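One structure is given here, and the rest of the page talks about it.
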Amino acid sequence: MMEIKVFLKKEIIEIIKTNKIYIIFLLFLFFGLSSPILTKMMPEILSQIAGDFQILLPEQTWIDSFNQFFKNLNQIVLIAVIIVFMGSVVGEVERGTALLVLSKSSSRASFIIAKFLAAVVILIISLLIAYAGCLLYTIILFPDVSFTLSLQATLLFLIFSIYILSVTIGISAIVKSQIVTGVVTLGIYFISSMLSLFNNRLGYYSPGRLLKYQGEILNGTVGLSDVFLTSVITIIISLAFLFLGIVIFNKREFYSNN
């Protein structure tokens, strides 16, 4: 536990010193503030684009605002998260800094867990600030905002994004190239999203189903009890990726190659 605290402190300091924290934070903040505004302006934007053609759009609501928010987070932001953290472990191995950090009989498991926890901390802080901004602007622009439902949908995004982080860190500990890490993790991300489209057990209980449940939570068509099992399965799969990464990383012999 003490090693994890030491590594965690090191990781957070390094993230602050690099552009990682600013890229993630600014993306979250941008979409948190812009999504309600874009939703409010959407009818006018479409009417300008359509010109003489008439486009009938239902009246925009707070649900549309948060749907836009999560759409941006689920696509653009999560891909950015993968790109930013895909070199977390393998990048240090390539640069040789892992050799220096782990040369004093330090635990490789603590090394990986600390990287994962540091990324989660950055993610949670960024998400909370983005959610607060989105909620504030949505309250201003749209009436009858449900704090409870929007927060529940945000929780589902957090669970899925932590799953993506665990895949990214786990794969980064397994493979020997940042590019391969990115490609494999992106592949798992897209497969997870596609599986959610199937109306069978595989679709209902795949991590990607949480993306669909976000909108259904906002609409009030499902409750937290309906998404509980999928959330638990997603957390278990997340832990499995981290565990697999730790097991394989413990067996790697990269010292002699650097």
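Values in this text are rule-based calculations from the coordinates and carry no lab data. Computed from a predicted model, the values in this text were never measured in an experiment. Every residue, glycine among them, receives a Cβ derived from its backbone with ideal geometry; neighbour counts consider all protein chains shown.
Across the chain, the relative contact order, built from alpha-carbon pairs under 8 Å that are at least six residues apart, equals 25 percent. The per residue volume of the convex hull around the alpha-carbon atoms of the range 169-258 is 97 Å³.
Kindly express, to the nearest 10 degrees and within the range 0 to 90, the angle between helix 108-141's C-alpha long axis and the longest C-alpha principal axis of the chain. The angle comes out near 10 degrees.
With 19 Å as the limit on Cα-Cα distance, the pairs of Lys5/Lys251; Lys176/Lys251; Lys17/Lys71; Lys5/Lys115; Lys17/Lys115 that go past it are Lys5/Lys251; Lys17/Lys71. Angle between the Cα long axis of helix 147-174 and the longest principal axis of the chain, 0 to 90 degrees, nearest 10? Tilt of helix 147-174: around 30 degrees. Estimated from helices alone, the mean residue ellipticity of the chain at 222 nm is -26000 deg cm²/dmol (sum of -39500 (n - 2.57) over DSSP H runs with n ≥ 4, per residue). Its residues counted as N, the range 73-211 yields a C-alpha radius of gyration over 2.2 N^0.38 Å of 1.22. Can you give me the angle between helix 2-17 and the longest principal axis of the chain, using Cα atoms only, in degrees from 0 to 90, rounded to the nearest 10? Approximately 60 degrees, to the nearest 10.
Taken along the Cα-to-beta-carbon direction at a fixed 7 Å, the label points for Phe147 and Ala132 span 1.4 nm.
Ignoring aspartates and glutamates fewer than eight residues from Lys40 along the same chain, the ones with Cα atoms less than 17 angstrom from its Cα are Glu59, Asp64, Asp144. Across the range 152-213, C-alpha contacts under 8 Å between residues 6 or more apart give a mean separation that, scaled by the residue count, equals a relative contact order of 34 percent.
Ordering Leu151, Gly245, Ile162 by the projection of their Cα atoms onto the charge dipole of the range 113-258, which places +1 on the Cβ of Lys and Arg and -1 on the Cβ of Asp and Glu, puts Gly245 at the extreme positive end.
Roughly how many debye, to the nearest 20, is the charge dipole of the chain about its Cα centre, given +1 on each Lys and Arg Cβ, -1 on each Asp and Glu Cβ, and no other charges? Show your work: numbers first, answer last.
On the way: 17 positive and 13 negative charges, 227 e Å.
Taking the Cα centre of the chain as origin, the dipole is about 1080 debye.
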